[in-house]
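Nothing in this text is a laboratory measurement; each read-out follows from the coordinates by a stated rule. Since the model is a prediction, treat every value here as computed from it, not as a measurement. Ideal geometry is used to build each Cβ from the backbone, glycine not excepted, and the neighbour counts take in all protein chains shown.
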Amino acid sequence: MALPPAGAAQPYTASEITSLRGWANGQNTAFRADTAQVLITLGLGAGLAALEIAGVRVGDITLDDEGVLIRVTGKRARTVPVLSQWESLLSAIKATDAPADRFLLMPNRTGSYPNIINGFIARSAGTQLQPQTQRMRATWIVTHLAAGTPVGPLLRAAGVDSLEAFTRFVPYLPALSDVDSRRALRLQTR
């Protein structure tokens, strides 16, 4: 008998995302605010997991006429288009003369270490909502599923092999009216 899918991290609500932006902007130094903004941009805008966020470098950003792409290296290597509302910070970073091998998250470091993100968050300023990478990734996935992003490209961008990885997010999708459900299943547009 197959095991049921693992519980999904709950996606952030729109008001929680606003709170996360406030958390990022409210850090006690410009360096920490920049790092916090990179963290939520890569989590909410590209759906990256913690280790992936920690590994992104300036050279992994590509800008073109279609927007911003992030190259993810490692076990789930892929290229991820960034949600348009999260592109501006990455575009600004790419426009600088920063070396291609410079990390985006905490750029002065020379290597990566386990729990870099948890350590950063634990030392962060503010008492409001703090980011969790699993919830940011869940938010990105649910955003795409709710928008009707084709599953083939979404599977590739998420770095997963099967639709089964998304079944745990179904409870978080907005309900459609009977009319909208029927139209969608008929492939009828409004």
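Using 0.36 nm times the number of residues separating LYS75 and GLN134, minus their current alpha carbon distance, what extension gain do you get?
Here the segment from LYS75 to GLN134 would lengthen by 19.5 nm.
Tilt of helix 14-25 relative to the longest C-alpha principal axis of the chain, in degrees (0 to 90, nearest 10)?
Around 10 degrees separate the two axes.
Take GLU16, GLU87, GLU52 and order them by how many other Cβ atoms sit within 10 Å, fewest up front.
Lowest count first: GLU16, GLU87, GLU52.
In nm, give the distance between the simple-model label positions of GLU16 and ASP101, each being 7 Å from the Cα along the Cα-to-Cβ direction.
3.9 nm
With r defined as the distance between the Cβ atoms of ASN118 and ASP180 and R0 fixed at 45 Å, what FRET efficiency is calculated, to the nearest 0.05?
Calculated value: 0.65.
Taking the chain as the reference, fit the longest principal axis to its C-alpha atoms, fit the long axis of helix 30-46 to the helix C-alpha atoms, and give the angle between the two in degrees, 0 to 90, nearest 10.
20 degrees
Normalising by the residue count of the chain, find the relative contact order in percent from Cα pairs under 8 Å and 6+ residues apart.
Across the chain, relative contact order equals 29 percent.
Going by alpha carbons, how many degrees (0 to 90, nearest 10) lie between the helix axis of 133-147 and the longest principal axis of the chain?
40 degrees
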